[in-house]
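Pasting a structure here, questions to come.
The values are calculated or read from the model by the stated rules, or taken from the named source; none is laboratory data. None of the values given here were measured: they were computed from a predicted structure. FYI the Cβ positions are ideal-geometry reconstructions off the backbone, even for glycines, and counts take in every protein chain you see.
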């Protein structure tokens, strides 16, 4: 059974449209894993009409900017793009001869928003297939998995437990709304933790360790930032930020995972299997109770390497410094909640351990060695 992908083509030039359709037709005949369908809009009005029909669910769009053939003066394609970004969730490829119109910050390329000059070599079929293979379209578009979960949670969970919010006459509507969103997310997380096939807990992908690009406006627990070319993670408890009762922000320095490569080579000069076993101990946080591994991640096309946090490498920064010198403190990610709880829990466990003083081994041996000889 093939994966059916529906593409919206917004283009006024019939020859260009025909070339797209011909490419789709040839691709469909060559293989049976994917089958592409296309809807064509010749102008802004037709595109908006197609997008406004609830039953239409697209998996991607190819858009020309100049839909009135005015030699670069028309920008009606931009209005279509803005509508898609405001109401839809599918990848958009701009293929146009007037890309000079794209000057806003919103027009910066990313993994789901690509810009190509007409005539530039570009296999749009392959690009759509690669994006679709991640599952993001099936998950987040109008008829995706998230919509299915929303319906399930609404009717099977929220409909039977909404009375505390209905009867609450103390909090404001905004507070109740925010609380209800959190409550919904808790239910959603429960569904996402299990595999749909066998109802078992599913493994997390390393990229899920982070929320790339911190969401909160100011520094907060779990934020990863750079300061003077060194990387740190904030571990000051969230409650302290909430009460605004702190002067200093406690952080742990992050070293690159490559920093331990020399140690691994020294320890594992023999079989490769031993080196793999030693590295695995670092990656699974079983090498030491004072070290904590974080995976690599990508943000805005920049790759950030995997790292090792040493609980003894603590650094305090003035909280006021984060606000007064924002450029010096470059925030790049936040550790997501399940992994942040583990990090803070291990850090707290490391410093709350209660060790006994060493007792002289020679004294113990002299006193109790006789039991071994009897």
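Which is surrounded by 15 or more Cβ atoms within 10 Å (Cβ to Cβ) and closer than 17 Å to residue 119 by Cβ, of 78, 65?
It is 65.
Condition test on residue 260, is it within 21 Å of residue 347 (Cα to Cα), at pLDDT 85 or above and in the same structural domain as residue 339 (by TED's automatic domain parsing)?
For residue 260, the condition - within 21 Å of residue 347 (Cα to Cα), at pLDDT 85 or above and in the same structural domain as residue 339 (by TED's automatic domain parsing) - is not met.
In region 96-105, is there at least one residue being modelled with pLDDT of 85 or more and under 30 Å from the mean Cα position of the chain (by Cα)?
For region 96-105, residues modelled with pLDDT of 85 or more and under 30 Å from the mean Cα position of the chain (by Cα): absent.
Kindly check whether there is at least one residue in region 113-127 that is assigned to a helix (DSSP H, G or I), in the same structural domain as residue 22 (by TED's automatic domain parsing) and at pLDDT below 85.
no
Which residue out of 128, 116 is surrounded by 14 or more Cβ atoms within 10 Å (Cβ to Cβ), within 23 Å of residue 300 (Cβ to Cβ) and in contact (Cβ under 8 Å) with a residue 40 or more places away in the chain?
Criteria check complete, one pass: 128.
Another question, if that's okay. Having 2 or more residues that are closer than 17 Å to residue 251 by Cβ and in the same structural domain as residue 249 (by TED's automatic domain parsing) is the bar; report the strands (runs of 3 or more DSSP E) wholly within region 281-373 that clear it.
Filter on region 281-373 gives 291-294, 307-318, 330-335.
Return the total of residues in region 144-193 being surrounded by 11 or more Cβ atoms within 10 Å (Cβ to Cβ) and closer than 24 Å to residue 3 by Cβ.
Counting residues in region 144-193 that are surrounded by 11 or more Cβ atoms within 10 Å (Cβ to Cβ) and closer than 24 Å to residue 3 by Cβ gives 10.
Okay, next question. Identify, from the list 349, 296, the residue that is surrounded by fewer than 17 Cβ atoms within 10 Å (Cβ to Cβ), modelled with pLDDT of 90 or more and in contact with a helix residue (DSSP H, G or I) (Cβ under 8 Å, 6 or more places away or on another chain).
The conditions single out 296.
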